[in-house]
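The values are calculated or read from the model by the stated rules, or taken from the named source; none is laboratory data. Treat the numbers as computed from the prediction; the structure is a model and nothing was measured. Every residue, glycine among them, receives a Cβ derived from its backbone with ideal geometry; neighbour counts consider all protein chains shown.
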Amino acid sequence: MSQTNNKSLKIFLWSPMLSDVGTNGAMIGMAQSLKNYSNAEIYLINVLGEFTKYKSEKFYFLDFLKINNMIPKTGKISKYLILFFSLLSIPFLIRQVLKHKPDIIITGLVGFIPCMLNFFFKDLIVINSIQGYPKFNFIRKFIWKMFYKKSDYLITMTKQTKKDLEKIVGIDSQKIFTIENPILHRKIKIMSLEAIDNEDKYIFNKKVFCAIGRLTHQKNFIQLLSYLKRYSDQTNYDFNLIILGEGEKRKELEDYIEKNKIKNFYLLGFKDNPYKYLAKSNVYICSSLWEEPGHTLMEAGYLNVPILTSNCPNGPDEIIKNNLNGLKYELGNEFDFLVKMKKINNLNEIEKNKLLINMKKTILNYTKFRFAKNFAKIINY
């Protein structure tokens with residue numbers, strides 16, 4: 001369905017969530033991109049209050065509930081609560097569509113609900129932005145085939161996810177576009193210049209390895225701790241590890257650190273400004289089991305921090321080219337991790353600069369201007 005660029009588009013953005021995850025920043029990046037580089041009117045749908053902290057931005061806000069600070073943000077119960085309140089908001093969403101008559105709705109999380117609107121509003125363009133690696137069990141495959149195939153277009157972060165949707169779900173390849181999230185902006189650089197919190201400054205008196213993410217099974221931090229303990233035992237290298245994030249695996253990680261009497265691993269929790277920690281670290285490590293695409297890789301590259309990542313699907317394995325813009329180890333292979341860890345920790349300046357310069361080229365696609373340009377091609381705007 002095409003649009004003409006003399007018409008001011010009305011665009012809804014929908015992505016219910018409880019915690020401030022990467023998807024949140026990606027959706028706001030899309031909103032800012034489309035606001036800055038087109039004459040679109042942007043409406044953020046606050047199902048749980050996920051966009052409330054961005055009220056200073058020049059968007060329209062459609063509030064269903066503001067309860068994201070009142071209910072658990074981690075664990076299985078949080079997933080069920082997100083789904084419950086998202087379903088509860090369907091009448092509200094329909095009323096807002098009838099009232100404001102948007103041209104487009106872009107979905108992030110819980111995207112199957114806006115997909116239902118295609119049954120009732122034939123002129124509404126539904127664009128599903130795949131935020132997170134889709135794991136297709138029986139139920140999810142059914143939901144994808146029942147609802148997501150009704151999307152007018154789908155946006156994936158990686159080419160491999162595009163292939164997966166074509167092969168596993170049977171979605172027409174002409175409806176799927178690979179467009180990187182617009183997550184990089186000057187504010188990251190400015191925030192990275194801030195001083196480390198006073199209570200954490202002592203950690204940076206030696207080399208620091210940094211990992212960022214929710215403390216969940218996906219991030220695979222227990223394995224990372226195990227591998228780095230082995231690295232420390234083998235090399236006697238003096239370093240500190242910091243992990244920024246919260247989640248249901250915190251107790252398990254704390255128990256591991258206490259049981260092994262480890263003094264140099266720090267769980268610093270959620271930080272409003274993780275960039276000042278990342279920018280002052282010597283290596284960024286991604287140990288995930290899966291990512292789509294893995295925004296922290298681009299943020300590390302943006303802040304000139306060398307990257308070591310697992311070869312997990314789909315983002316890291318596709319984005320990081322081994323020995324070109326970062327180092328990559330085989331997921332679950334401790335020996336390979338130790339080899340790559342020693343290598344990245346002993347880079348000379350020429351080798352380090354090569355990785356950083358090539359990563360700078362990689363992240364060019366993750367800007368607001370590039371997103372707006374590619375998005376306009378999808379809708380012929």
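Overview of values
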| item | result |
| --- | --- |
| Only listed residue being touching a strand residue (DSSP E or B) at 6+ places or on another chain (Cβ under 8 Å), over 23 Å from GLY25 (Cα atoms), outside the structural domain of GLY247 (by TED's automatic domain parsing) and among the charged types (D, E, K, R), chosen from LYS55, LYS101 | LYS101 |
| Any hit, the stretch 205-213, residues being surrounded by fewer than 16 Cβ atoms within 10 Å (Cβ to Cβ) and in contact with a helix residue (DSSP H, G or I) (Cβ under 8 Å, 6 or more places away or on another chain) | no |
| Matching residues in the stretch 96-112 - criterion: being of a type outside the set (Val, Ile, Thr), over 15 Å from LYS10 (Cα atoms) and either at pLDDT 95 or above or part of a strand (DSSP E or B) (or both) | GLY108 |
| Some residue of the stretch 133-145 being buried (at least 21 other Cβ atoms within 10 Å of the Cβ), over 19 Å from the mean Cα position of the chain (by Cα) and closer than 26 Å to ARG214 by Cβ | yes |
| Qualifying position, being in a helix (DSSP H, G or I), of a type in the set (D, E, K, R) and surrounded by fewer than 22 Cβ atoms within 10 Å (Cβ to Cβ), among LYS276, LYS263 | LYS276 |
| Test for LEU18: is it modelled with pLDDT of 90 or more, crowded, with 18+ Cβ neighbours inside 10 Å, within 19 Å of the chain's Cα centre (by Cα) and not in a helix (DSSP H, G or I) | no |
| Considering residues of the stretch 316-351 that are among the hydrophobic types (A, V, I, L, M, F, W, C) and closer than 23 Å to GLU292 by Cα only, the residue modelled with the lowest pLDDT | ILE319 |
| Restricting the stretch 98-122 to residues that are surrounded by fewer than 18 Cβ atoms within 10 Å (Cβ to Cβ) and touching a residue at least 60 places away in the same chain (Cβ under 8 Å), the residue that is farthest from ASP152 (Cα to Cα) | HIS100 |
| Subset of the stretch 277-323 (residues that are touching a Cys at 6+ places or on another chain (Cβ under 9 Å) and farther than 21 Å from LYS159 by Cβ) | TYR277, LEU278, LYS280, SER281, ASN282, VAL283, TYR284, ILE285, SER287, ALA300, VAL305, LEU308 |
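Okay, residues lined up against (1) closer than 30 Å to PHE177 by Cβ; (2) part of a loop (DSSP other than H, G, I, E, B); (3) touching a strand residue (DSSP E or B) at 6+ places or on another chain (Cβ under 7 Å):
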| residue | (1), (2), (3) |
| --- | --- |
| LEU268 | no, no, yes |
| SER288 | yes, yes, yes |
| GLY301 | yes, no, yes |
| ASP317 | yes, no, no |
| MET341 | no, no, yes |
| LEU347 | no, yes, no |
| LEU356 | yes, no, no |
| ALA372 | yes, no, no |
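Okay, residues lined up against (1) buried (at least 20 other Cβ atoms within 10 Å of the Cβ); (2) under 26 Å from GLU194 (Cα atoms):
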site: ASN282; (1), (2): no, yes
site: LEU289; (1), (2): no, no
site: GLY294; (1), (2): yes, yes
site: GLU299; (1), (2): yes, yes
site: MET341; (1), (2): yes, no
